[in-house]
Amino acid sequence: MRPAATLLVWLSFAVGLPQVLICGVTMFSAGWWTPLIALFALSPLLPLILMQEIGTRRKLEPEVLAAVALLSIAMSGAFYWVLYYRMR
């Protein structure tokens with residue numbers, strides 16, 4: 001399960017990288033939407049952060065990492081769908 005979870009984490013990062021760049025640019029002109037934009041900007045990075053072993057904290061189980069990565073991919077898909085719908 002660990003290789004599959006690692007693959008999902010890196011896939012969520014690859015899918016969400018353009019999302020991070022788009023959100024980083026729009027954050028300066030978002031106004032009241034800034035917290036939501038920040039949430040969408042940080043969602044692809046969250047699985048990578050959770051995958052690391054920080055200090056004495058042990059690594060999370062692979063099932064948890066896979067679930068967080070899938071949630072991040074779903075959020076990226078929703079972001080791209082809203083972006084497509086707005087630009088259409």
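Only the coordinates and a few stated rules stand behind these numbers; no lab work does. Everything numeric in this text was worked out from a predicted model, so none of it was measured. With ideal geometry, Cβ positions are generated from the backbone for all residues, glycine too; neighbour counts draw on all protein chains shown.
Quick notes
- Using the Cβ-Cβ distance between Tyr85 and Leu11 with R0 set to 30 Å, the FRET efficiency works out to roughly 0.80.
- Modelled spin labels at Val25 and Leu71, positioned 7 Å past Cα toward Cβ, are 2.9 nm from each other.
- With all pairs of separate Cα atoms included, the range 2-87 yields a Kirkwood hydrodynamic radius of 13.5 Å.
- Computed label-point distance, nm, for sites Ile49 and Thr34 using a 7 Å Cα→Cβ extension: 1.8 nm
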